[in-house]
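Read the structure below first, then the notes.
Values in this text are rule-based calculations from the coordinates and carry no lab data. The structure presented is a predicted model; accordingly, all values stated were derived computationally and were not measured. FYI the Cβ positions are ideal-geometry reconstructions off the backbone, even for glycines, and counts take in every protein chain you see.
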Amino acid sequence: MEHLLKFLVVGTVGFIINTAILVTGVRLGLRPSFAGPLGAELAIISNFFWNNIWTFSDRQITSWNVLPAKFLQFNILSFGSVVIQFIFLKAGESIFGLTKFKEPFIDQQIFTGPLSKIKIYSLIAKLPTIRKFSLYLVFYMAGVGAGLVWNFLVYSQVIWR
């Protein structure tokens with residue numbers, strides 16, 4: 001359980017790095033499906049070192065002969081979560097179109113029929129943070145959540161076993 005909690009803390013730092021690169025990239029004109037994986041790679045680099053030093057300190061890789069190979073292995077295995085994230089972002093771009101995908105989702109008519117009249121939706125729309133929350137971030141978070149499961153299983157079973 002201790003490993004999982006530390007893994008979640010390190011993952012949160014990686015999430016912040018990944019999200020900052022994604023949002024900055026989109027604001028600079030990059031497609032979410034490009035900026036997301038770019039941020040993910042930078043987060044992967046950070047996560048490897050923090051997981052090795054702290055999360056799995058009882059199994060820490062200290063040999064300079066082994067460390068580069070384990071880092072490469074970590075990067076290759078982490079590619080699974082990057083692919084998962086890319087699939088979610090690309091699916092959102094395909095479903096909604098790039099322009100609509102990057103607009104604040106609260107201003108869009110996503111739901112139709114009875115769902116469009118749910119009062120809680122209009123209450124959420126009044127929150128200042130949510131008003132600026134773009135649809136691509138919803139897909140990004142879903143991809144990150146799916147990737148988190150992949151990463152923990154792979155890291156704990158392969159890298160630090």
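Based only on other Cβ atoms within 10 Å, what is the fewest-to-most ordering of T12, T55, T62, T19?
Fewest-to-most ranking of T12, T55, T62, T19: T62, T12, T19, T55.
Report the calculated FRET efficiency for W64 and Q157 (r = Cβ-Cβ distance, R0 = 25 Å), to the nearest 0.05.
Working from the Cβ atoms, E equals 0.55.
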